[in-house]
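These notes are about the structure you will find just below.
The values are calculated or read from the model by the stated rules, or taken from the named source; none is laboratory data. Quick caveat: nothing in here was measured; it's all calculated off a predicted structure. Cβ atoms come from the backbone with ideal geometry, glycine included; neighbour counts cover every protein chain shown. Just so you know, the surface numbers come from the protein's heavy atoms only, side chains and all, with ligands and any DNA or RNA stripped out. Shrake-Rupley method; radii C 1.70, N 1.55, O 1.52, S 1.80 Å.
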Amino acid sequence: MRWDGQAIGADDGALPGLERSGLARLGLVRSVRTPEFADVTFHEVMAKSALTKVPAASRMPFGWTVNPYRGCSHACRYCTSPDTLVLMADGRQRPIRDVRVGDKIVGTVRVGGSRRYAETSVEAVWREVKRAYRVTLADGTEIVASGDHRFLARDRGWTHVARPGRGAPQRPYLTTDDALMGFGRGLPTAARSGPGESREYRLGYLTGMIRGDGMLLSKAHQADDGRTRRVTHFRLALTDAEALDRSAEYLTLEGVALKRRPFRPATPTRRAVDCIYSGRRADHETINRTIRWPEEPADAWKRGFLAGTFDAEGALSRGVLRISNGDEEIVTRAGAYLDQLGVPNVRERARADGVLTVRVAGGLAARRRLLHLVAPAITRRPTIVGDAVTTSSDLRVTSVEDLGVEQEMVDITTGTGDFVANGVVSHNCFARPTHEYLDLDAGRDFDSQVVVKMNVDAVLRTELARPSWRREPVALGTNTDPYQRAEGRYRLMPGIIGALADSGTPFSILTKGTLLRRDLPLIAEAARKVEVGLGVSLAFADEELQQAVEPGTPTPRARLDLIRAVRAAGLPCGVMVAPVLPWLTDSRDHLRRLLDAVADAGATGVTVVPLHLKPGTREWYLQWLERDHPRVVAGYGRVFSRGTYALEAYRQWLWDRVEPLLVERGFGSSGHRARSGATGRFPDELRPHDEGDYPAGSIVEHSIPERRTTSAGRAAEQAELLF
């Protein structure tokens, strides 16, 4: 290709503002386009660093990575920790890592002389590795953010987290004289995690819901033939479909066979009511066992119980949250569990009709905290949209700590230019020129704007030669494929491999690219000096489907040939069967054919990972799914209803399907067993369409990514960052 003739000038309109861009400040040499890579722009830079520290919070088994190709390193500076809670428009709080483009959230707008909460949309999601600072407020709220992030201070407006670096322009930064605007969270981040989904949580929810608002009937009656017969019946009737759907899902997981029907039609003054029910004696007995009071309830059970009692008989009206019931046991437990969660509450005087009530005190912060901690199903509740932004909690800044580490940070772009993070008003990034839309999870820009670190091998050698370098394992292929097609031109990997081997640093490579074959002699030579792990990503047995999902990547046959070439070179080769796509590649037939081919190619290990739909990739994948496979879109909505990861029920069902296939082909078993002995039928609402191929499976609380067969080095462990 005539590469040198394709350079783009700063004035040709390809990248507006290129001469002022962060890429230029990072050492941009030139931007290149070529007909061989249609619609792709390569930004050639002189890198200042090569080794990247993996965030301590990551579950990865390696601490360092090298990415010769990546998205814009300038990216977003205004970032917060992935577990920062964002206030959604429906009143829930969701970790920012799970927020997606198009989501409705709460921001703020100026109305007259005051600032008010307003509904807005998420326009973009960004990720970056930044130095972390912890901001702690007087009420206990903690927020981990980059030093460049800005929060709304009561007296000084938008204020940065940390003072500027030496030589940088002056700017306002947080001190202990500042107080932030919002309602806060009230306790440290570590104590404020949501309940998640576990069997204990489900049992607690069903106990609160059914004891609070269900009907369980068991009655003996005299039949016409003179014999005594026992009639059993269960019914749960609700106006809120969200709570009814959750109750039905949880009961189904316990093996209860339910039916559903209208219970009461709508009237001009009342909403319609639907009900779920069963008359089977076995179901009646199962439900009674399910809602039995536990002797020592777990924390997850208590949170589920509070969610169930709120959905059954709770109310949030005029800024007051109450849980009411006529059963003293229910109300007493609710008050005790609120105390244990640190949510202030008071017991109100019993009403004339005997109804007992516990009321949440502590204002907006306590209410939002409770709803996040217990995650009730019902979202129909008053919103703060339109309310003035005031500060009812003590949100004085008590400390700003430099944590001394770099970690993954996330930011979002919204229509209002801000959002509510951990209960305080937080600024988001400004609108950026096109070249800044290079976040590694941002869909098309990930494919069309590629940064090439031209001097990565020289910089890497310098870093590896430092006395402080401890020769820790380095992983390649964690964010972008090091053997993507452009490597054929730039040839950066030989220098990287040589630098690692010469310094005595063990390394692993995970790739989809058959270009790896070019460097096998060099890798084999390196393996005589250091431990080397190689992994090939291969998730498809069918070429047509593979090209639809991964257009432009090597075919399954080409990757199988690559595995054979790796083995012929005397090197181990693990295979990452990832991602497994629900209803598209998780059938027994597909998995069997794929694993047969992998075993025949000589793979030394296999790791199976179900699809993750991270924000950014999720929107692009679902658009493709709706266009090419519309029949499964609704199912994906259910399987991924909790966010990035598939429901535990699906993950366990897939593992039960995969494990015997791995053992049959000599890959062995990880030996990890489920943490819970709970079993049940595979949920009908999650069952794929060709039911004959998807028999009922065990449902337990575990995740496939934690169960691995023997693998070549660390390459197969890199799925979390790739997918």
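Compared with the direct C-alpha span, the chain from Leu216 to Thr390 gains 58.0 nm at full extension, assuming 0.36 nm per residue.
Other residues lying with their Cβ under 12 Å from the Cβ of Arg665 contribute a combined charge of -2, Lys and Arg counting +1, Asp and Glu -1. Taking 0.36 nm per residue of separation and subtracting the Cα-Cα distance, full extension of the segment from Arg280 to Ser399 would add 36.9 nm. Val320 label point, 7 Å along Cα→Cβ, cut-off 19 Å on backbone N: hits in region 334-350? Only 335, 344-350 fall inside the zone, counting backbone N under 19 Å.
The heavy atoms of Arg368 offer some 10 square angstrom of accessible surface to a 1.4 angstrom probe. On a per residue basis, the convex hull of the C-alpha atoms belonging to region 461-512 measures out at 78 Å³. Residue ranges 96-105, 405-414 sort as 405-414, 96-105 when ordered by packing (mean number of other C-beta atoms within 10 Å per residue, highest first). With a Förster radius of 35 Å applied to the beta-carbon distance between Ala336 and Glu531, the computed FRET efficiency rounds to 0.05.
Label sites at Ser587 and Glu348, each approximated as a point 7 angstrom past Cα along Cα to Cβ, lie 5.7 nm apart. About its Cα centre, region 298-349 has a charge dipole of approximately 200 debye under the convention of +1 per Lys or Arg Cβ and -1 per Asp or Glu Cβ, with nothing else charged. The accessible surface of region 449-566, taken with every protein chain in place and a 1.4 Å probe, is 48 percent carbon and sulfur.
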